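Colleague: Below is the structure I would like to discuss, written out as structure tokens.
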Amino acid sequence: MVFWILEVSEIDNNKLAREIIDLVGGTENVNSVTHCVTRLRFKLKNHDKADREALEEHEGVVTVREASGQFQVVIGNHVPDVYKAVVTEGGFKTEKQEQEDEDRDDEKKGLLNSFIDIISNIFLPILPLLMATGIIKGFNSMFVAFGWLESTSGTYQILNVIGDGFFTFLPIFLGYTAMKKFGGTPFLGMTIAAALVHPSLAGLGESEPIMTLFSGTVLESPVQVSFLGIPIILMSYTASVVPIILSTYFASKIERAFAKIIPQVVKSFIVPFLTLLIIVPLTFIIIGPVATWLAQSIGFVIQEGYEFAPILAGIIVGGFWQVLVIFGVHWGIIPIYYNNLAVQGFDMLIAMTFAASFAQIGAVLAVWIKSRNKKLKSLSIPAFISGFFGVTEPAIYGITLPLKTPFIMSCIGSAVGGAIIAITGAALYSAGPLGVFKIPTFIHPENGIDGGFIGMLIAITVAFIVAFILTYFFGRVNQNETDDAVVGDETMKQEVYNEELLEENATWEAEGTAIHAENILSPTTGEIVPLTSVEDEVFSSETMGQGVAIRPDEGRMYAPVDGTVTSLFRTKHAVGITSDNGAEILIHIGMDTVQLDGEFFETHISQGDIVKAGDLLVEFDIDKITEAGYSIVTPIIITNTSAYEELEIVSGDTIVTKEVLIITKY
């Protein structure tokens, strides 16, 4: 095999950097520049100003690619040095400086905006399921309301568990996405959530109290169980949001702290063992009770406020109801609601919140009409349908809350609706379904359709119209949008993915490591593919080094040698290992899978870890990756090929994990 690699010493990096900058259109045409293991990644203002042909002919450039909104100049494995020269010559910000700017921007956003961004991004992966199950719940309620199904029938029960199961165990799904957002192990987040919604907690809550805290106050709380002598106030965590998000946030910090001090040989199970033993009890002892007391306090204030000034209460309850739902403290009003129905035969508190879902769908409709963003418009339709049936989570977390102003406009519309309900004396006379199918529960059992019922109809209509008009004329739904914008990002800007190194100065050099001949084992099982046959010319041209590719049959990559993890990419799709014998190995899972930004990948190692041959490095979902349109062919490259006399690639069509794949001869 013929191998060519550009040595750093062969060319003046500063001169090369100046020439590259000129050929991409000059500094004024560059928005930013980053790098990965092979290429410079420019975000240009105008791609037409770049001289692609001249760049491809340049002796210091391997080739040029345009993908994901980036102008990519492929350099080779010494790209970190060229990148530094480009940053210096062009006066550009480094990746670290860009991140620091983003961090400062996050600080300027304030606590509330940062919380909104976190919540929105945590909910983004599960939005389709929220919408799907919300629509199923709505149709099931409709079937009962129209008399097509009995609520005791098997058909209703099955549809109900399909639609309601996701909401009941919502914390488990959020445990995964939140832990991933905070940089922890997603399955650890799911385990924490599973403990919070375990069915046995309901039985504990029905037992006789062993004590009562804050007796005689609004915070009076029965205690049925204790942990190591510490009283625990039980609450229902099903369908809750904030408790699991707070738990996973602290769990991610605890997990990282233990990962730094626990020996590698027992890290895989001791770290989660200790993390769970700390964070789950803390959630039951502190996070849950604080949420409970806050909810009880809010319920008490609202009840007292309604008795003092019903109209003002209608404005406040209607306007802030969705905010209370987001923080999970609306449960403080629910007991008052059921108590009112049982004692008085009607309730006017929850009645004042009824217009909120209609205000939400009014804002969503305005977003759908006004927005030019295709992704946003496609999500708006199912969110509208789900909200019409009373399930507003997809509308809140997927549309209005990330955009901020539509959410505010929906709250204003809901406040107006709440005031109208309070003025007209509309009340709920029974518990019932959500959304439009809750309307019949406002009919007075003796007087039938009265002024209160008419007032409710006016309220939901006005709330819808107010939210729609305010959002359409004043809502910001097109700020920095592009057709590929990701819903949930504050500015709806296009997220351009890149293969930036976890550490700014990470390189593939194994300075001071003696080179010896050795056997490189196969990191996975699958079909052998010649490196020259892979679709990415950066690999097929052997610019990065000689090697071979594998089309894996299993979604796991194992360490092919004893060595050190010298580079781990943020997007989890590529790992660099320097063997104890000096071989520098790059495992690049799939073609262009950097675009997935880590989705469908799960790492089991960190940069700097010492590994043994056969240790699990990365797990990945082959089906999901291929369904997303990406090749799973994985190059395994010896990036310091020039250090060896010869590399011998195993012959054959297939290979099994831990079989010899490459023999280095020195």
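The values are calculated or read from the model by the stated rules, or taken from the named source; none is laboratory data. Bear in mind the structure is a predicted one, so any value in this text is a computation, not a measurement. A quick note on method: Cβ atoms are made from the backbone with ideal geometry, for glycine too, and the neighbour counts reach across all protein chains shown. The accessibility values were calculated without ligands, DNA or RNA, using every heavy atom of the protein model including side chains. Shrake-Rupley method; radii C 1.70, N 1.55, O 1.52, S 1.80 Å.
Colleague: If Lys and Arg each add +1 and Asp and Glu each add -1, what is the summed charge of the other residues whose beta carbon sits under 13 Å from the beta carbon of Pro530?
Modeller: Result for the local shell: -3.
Colleague: Continuing with this model, one more query. With a sphere of radius 10 Å drawn around the Cβ of Ile637, what net charge do the other residues whose Cβ falls strictly inside it have (Lys, Arg +1; Asp, Glu -1)?
Modeller: -2
Colleague: Then there is this: Tell me, how many Å apart are the Cα centres for the range 393-450 and for the range 123-202?
Modeller: 22
Colleague: Net charge near Asn140, counting Lys/Arg +1 and Asp/Glu -1 over other residues with Cβ under 15 Å of its Cβ?
Modeller: Computed value for this residue: 0.
Colleague: Subtracting the Cα-Cα distance from 0.36 nm times the residue separation, let me have the gained length for Arg476 to Leu228 in nm, one decimal.
Modeller: 84.1 nm
Colleague: Give the carbon-plus-sulfur fraction of the accessible surface of the range 179-281 in %, rounded to a whole number; probe 1.4 Å, heavy atoms of protein chains only.
Modeller: Carbon-and-sulfur percentage of accessible area, whole number: 70.
Colleague: Would you please name the trypsin sites (Lys or Arg not before Pro) within the range 363-406 that are DSSP coil residues with at most 12 other C-beta atoms within 10 Å of their C-beta? Don't jump to the answer; show the numbers that get you there.
Modeller: On the way: sites: Lys370, Arg372, Lys374, Lys375, Lys377, Lys404; in loops: Arg372, Lys404.
In loop regions of the range 363-406 (DSSP not H, G, I, E or B), the sparsely surrounded trypsin sites (Lys or Arg not before Pro) are Arg372.
Colleague: Taking only protein heavy atoms into account and a 1.4 Å probe, give the accessible area per residue of the range 358-435 in Å².
Modeller: Accessible area per residue: 29 Å².
Colleague: To continue, here is another question. Which whole-number percent is the relative contact order of the range 517-666 (Cα, under 8 Å, 6+ apart)?
Modeller: About 35 percent, as a whole number.
Colleague: Could you check how much of the accessible area of the range 366-450 is carbon and sulfur, as a whole percent, using a 1.4 Å probe? Can you show the working numbers first?
Modeller: Values: 2080 of 3060 Å².
With neighbouring chains kept in place, the figure for the range 366-450 is 68 percent.
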